[in-house]
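I have placed the structure first, in the form of C-alpha cells, so that the comments after it can refer back to it.
The values are calculated or read from the model by the stated rules, or taken from the named source; none is laboratory data. Fair warning: this is a prediction, and the values are worked out from it, not measured in the lab. Ideal geometry is used to build each Cβ from the backbone, glycine not excepted, and the neighbour counts take in all protein chains shown. Only protein heavy atoms, including side chains, enter the accessible area calculation; ligands, DNA and RNA are left aside. Shrake-Rupley method; radii C 1.70, N 1.55, O 1.52, S 1.80 Å.
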Amino acid sequence: MARLIHAVEHVVAMPSFRQHVLAAAPAIAQHAPGGAKGVFFGYDFHIHEHGIGLIEINTNAGGAMLNAALARGQRACCPEIEQMLPPSDGVAVLEARIVEMFRREWSLSRRERPLRSIAIVDQSPQEQYLYPEFLLFQQLFQRNGLQAVIADPSELVLRDGVLWHGAMVVDMVYNRLTDFLLEAPSSASLREAYLAHAVVLTPHPQAHALYADKRNLALLSDAARLQELGVPVEIQSILLAGIPRTEIVNPENADRLWAERRRLFFKPTAGFGGRAAYRGDKLTKRAWQDILAGDYVAQTVVAPGKRVIDLQDQTQSLKFDIRNYVYDGAVQWLAARLYQGQTTNFRTPGGGFAPVYSLPSAHDGAACLAR
C-alpha cells in the first residue's frame, strides 16, 4: 500500500499531471493554496488474497482521533498479541505528529508568527456523526497551546482582511466540509478568506481536485494516458497493478459499460461516503439513467476482504477495507472499517473502525490483519 501511495504522490507532483487536471477543474481549484498540502488524506484499499486495490482517495478523511482513542484502549492479553500491538507510546507519538502536521501547514504557508488558533469547520457540526472526533481534536489542540473552536462555516466572518469566529481571530481552518469547492452560501466568508489568503485552509479545493476527484483514477489506471504524461515505467507498473481499471462514463462507452455492469462499481466523480454509488450487479434501468445523466466513473470491482466476528453469541461475516491516513506522502496510521452492505458504513452491528495489526511474514515482512 505504501508503495502505491508513493507512486500516486509521484504522479500528482508531476507538472504534466497537474496541468492536465487543473485545466479542467473549477476556478477555485486552480487558485494556489499558498503552500498548504492538505491534512489527513485517506487512501482506502480493498485487501484480498491476490493483492490490493486502491478504491478511492479522500482529502478530508475522518476517524484518525477515534482510532487513536481505540489504540489507547487496546491491551495485550498474551505475548502473541503484544508483539502485534503498536508500541506503548505509539498513540502519544501519533498525536504529537498530528499537532506538528498542522504547524507545518502553517509554516509551509509562509506565515511569520507562530500558529495560534484553529477552527474545526463542518456543516452543523454538532449534528455530524463524527462530532465526538471534533471534540477530541479540539482537546488535542488546546493541550498543545492552541485556541480551538468547532464551528459551522456560517459562523465565520471576514473583516478587514482577518477571519473571525466571534472574538477569536482564526489563523487556520481544519476543513471537514463536504462542500469541497466552497460553493454553498454558508461557505461564502470562508471562500473569500481562502481566495484572499486571509486564512490557511487545510485540506483545500486544489487538493480535492488533484487527489479526490474520481476522474483521476481513470487517468491513473490507463497505461496509454500515463505514457503520454511521461510517467516513469516503474511507477506505471505499480499504479496499474494496484488501481482497479476505472473509466469515465460517457455516451460513447455507455452500451459497453451496461453490458459489463456486473463486474463494475459506479461512483459519482465528486461523491463521498458511498452516496449515490451503485454496484453493477444490482443496477436497475432507472438508476442507470441517473448515472448517464450525472458525472460518474465505472470501476472494476475488487472484492473486499472479510473477517468473522462474534456478536451476541453468534458469528457474523463482515467485509472490511483498510484506510491509510497520509500526510505529504507518508503513512501516519492504518485503520480498518468493518461493515455489511454495498459500501462502508457505521451502522452495521459489530462494525465500524477496527485496529490493524502487523504480523511477521516470511514473504514480504508484514501482513495486515483487521480485528
Which ³J(HN,Hα) values in Hz, rounded to whole numbers, follow from the phi angles of region 261-269 under the Karplus curve 6.51 cos²θ - 1.76 cosθ + 1.60, where θ = phi - 60° and Gly and Pro get x? 4, 5, 9, 10, 10, 10, 10, x, 4
Report, in debye and to the nearest 20, how large the dipole of the chain comes out about its Cα centre when Lys and Arg carry +1 and Asp and Glu carry -1 on their Cβ. 300
Below 13 angstrom from the Cβ of TRP106, what's the summed charge of the other residues (Lys, Arg +1; Asp, Glu -1)? +3
For region 224-268, count the residues as N, evaluate 2.2 N^0.38 Å, and divide the Cα radius of gyration by that value, please. 1.41
Just the number, please: Stokes-Einstein D of the chain in µm²/s, Kirkwood Rh from C-alpha pairs, 4 °C, 1.567 mPa s. 59
With a 10 Å cut-off between alpha carbons and a GNM built on the chain, which of GLN340, GLN123, GLN83 moves the most? GLN83
So which chymotrypsin sites (Phe, Trp or Tyr not before Pro) in region 36-82 pass both tests, a DSSP loop state and at most 16 other Cβ atoms within 10 Å of the Cβ? none
Cross-link pairs beyond the 22 Å C-alpha cut-off, checked among LYS214/LYS306; LYS285/LYS306; LYS285/LYS319; LYS282/LYS306: LYS214/LYS306; LYS285/LYS306; LYS285/LYS319
Take every Cα-Cα distance within region 163-318, group them into 10 Å bins from 0 onward, and report for each bin the whole-number percent of pairs it holds. 9, 27, 25, 24, 13, 2
Backbone HN-Hα couplings from phi across region 287-294 [Karplus 6.51/-1.76/1.60, Hz, Gly and Pro as x]: 5, 4, 5, 5, 5, 5, 7, x
Quick query: amide H of TYR327 versus all other amide H atoms, modeled in the peptide plane; which residues come in under 5 Å with a sequence gap of 5 or more or a different chain? GLN332
Mind listing which trypsin sites (Lys or Arg not before Pro) in region 221-319 are in a DSSP loop and have 13 or fewer other Cβ atoms within 10 Å? ARG275
With a ≥ b ≥ c from the Cα gyration tensor eigenvalues, square-rooted, and the rule rounded for a/c under 1.5, otherwise prolate when a/b > b/c and oblate otherwise, region 108-228 is prolate
Enter the mean projected area of the convex hull around the alpha-carbon atoms of region 253-346, in nm², rounded to one decimal. 8.1
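Restricting to DSSP loop positions (anything but H, G, I, E, B) with no more than 12 other Cβ atoms inside 10 Å of their own Cβ, which GluC sites (Glu not before Pro) remain in region 13-103?
For GluC sites (Glu not before Pro) across region 13-103 that sit outside H, G, I, E and B with at most 12 neighbouring Cβ atoms in 10 Å, the list reads GLU49.
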Region 91-170 shape via C-alpha gyration tensor axes, a/c threshold 1.5: oblate
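Just the number, please: carbon plus sulfur as a percent of the accessible area of the chain, 1.4 Å probe, no ligands or DNA/RNA counted.
Working: 9080 of 17740 Å².
Exposed carbon and sulfur together represent 51 percent of the surface.
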Under the Karplus curve 6.51 cos²θ - 1.76 cosθ + 1.60, θ = phi - 60°, whole-Hz ³J(HN,Hα) for region 107-122, x wherever Gly or Pro sits: 5, 5, 7, 6, 8, 7, 8, x, 5, 10, 8, 9, 9, 8, 10, 8
Using a cut-off of 10 Å between beta-carbons, work out the net charge of the residues near THR269 (Lys and Arg +1, Asp and Glu -1, THR269 not included). +1
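According to the square roots a ≥ b ≥ c of the eigenvalues of the Cα gyration tensor, what is the shape class of region 5-158, taking rounded for a/c under 1.5, prolate for a/b larger than b/c otherwise, and oblate for the remainder?
Since a/c reaches 1.5 but b/c is at least a/b, the shape of region 5-158 is classed as oblate.
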Share antiparallel - DSSP beta bridges, the chain, percent rounded to 5: 80
Over the chain, with neighbouring protein chains present, the accessible area per residue in Å² at probe 1.4 Å is 48
